[in-house]
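The values are calculated or read from the model by the stated rules, or taken from the named source; none is laboratory data. All values derive from a computational prediction rather than experimental measurement. Positions of Cβ are backbone-derived with ideal geometry, glycine not excepted, and every protein chain shown enters the neighbour counts. Heavy atoms of the whole protein, side chains included, go into the accessibility calculation; ligands, DNA and RNA do not. Shrake-Rupley method; radii C 1.70, N 1.55, O 1.52, S 1.80 Å.
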Amino acid sequence: MEQTVEQKLKALYELQTIHTKVDKIRQVRGELPMEVSDLEDEVAGLETRIQKIKADLDDLEDSIVTRKNMIKDALANTKRYETQLNEVKNNREYDAISKEIEIQGLDVQVSEKKIKEFNFEIVNKTQVYERALLDLEERKKDLELKKSELENITSETQKEEQELSAKAAEAEVNIDERLLTAYNRLRGNAKNGLAVVTIQRDSCAGCFNQIPPQRQLDIRQHKKIIVCEHCGRILVDEALSGEHTEEGVF
């Protein structure tokens, strides 16, 4: 059977009342879910950074070992070439071997310079690594604290929120699809989540703009769904909402 406008408005108001209660529960949680998510991202970022620094330190250590082996080889070659100098038969051979000894000496100098650079870089990266570890420890503590706060609040309100969500799903069944779509759009665009509001002190309880007397009369007659000219919210009167005080629920 086709619903009357009054029935439609009552169904919408009932749904809004349930959603407002859910919103209040979520407001208690506040920014905690976002703070937990941000901290989780920060911890993951620090862990990735620490792994990268550790890999860089390992590479530097490997490079030092490689350079030390190069020095060892160069010194062994130098010793071998020096022995050969005693056996040369002409100046050409002497110059060639002397040149090789000089090259080996330069290789040793380059490797020693590189080892100093690597050690200097290791010292700097180790400091960065240790600071990152401390930051990670602090962020993990913050995360555990925020998670604990969120879990405590969630455990206190979870059952009530689930019950209200179930009621909202039941209430939505009594609202035609087009009207429900409009309601959800209004609710999504409103900062306070209010799509259906009462009249308070001759004004819209959503945006607080004044409602002309004739328009208030139209709202009370329940002949059509009327929205606020300023904010677009659906308006209901105190009789339909069950509120007989001037203040209303919203």
Quick check: at a probe of 1.4 Å, how many percent of the accessible area of the stretch 100-250 sits on carbon and sulfur atoms?
49
Once you've got the Cα coordinates, tell me which of K125/K147; K10/K223; K10/K167; K21/K223; K72/K99 are over 24 Å apart.
K125/K147; K21/K223
Please give me the summed charge of the neighbours of A11: other residues whose Cβ is under 14 Å from its Cβ, Lys and Arg +1, Asp and Glu -1.
-3
Here are a few candidate values for semi-axes √(5λ) of the Cα gyration tensor in Å: (1) 45, 20, 15; (2) 83, 19, 15; (3) 27, 19, 18. Which one was actually calculated from the structure I just gave you?
(2)
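Taking 0.36 nm per intervening residue step and subtracting the Cα-Cα distance, what contour gain separates E144 from S165 on full extension? Mind dumping the intermediate values first?
Values: separation 21, 0.36 × 21 = 7.56 nm, distance 2.83 nm.
Length gained between E144 and S165: 4.7 nm.
With Cβ to Cβ distances under 13 Å as the rule, what net charge do the other residues near N77 carry (K, R +1; D, E -1)?
Counting the neighbours of N77, the net charge comes to -1.
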Check which residues have an amide H placed less than 5 Å from N174's amide H, if you skip close sequence neighbours.
none
Below 8 Å between Cα atoms, with a sequence gap of 6+, how large is the relative contact order for the chain in percent?
28
Among the listed pairs K68/K89; K52/K191; K52/K141; K89/K113; K113/K141; K54/K146, give every one whose C-alpha distance is greater than 31 Å.
K68/K89; K52/K191; K89/K113; K113/K141
Residue-normalised value, i.e. accessible area per residue, for the stretch 30-157 at 1.4 Å probe, in Å², stands at 71
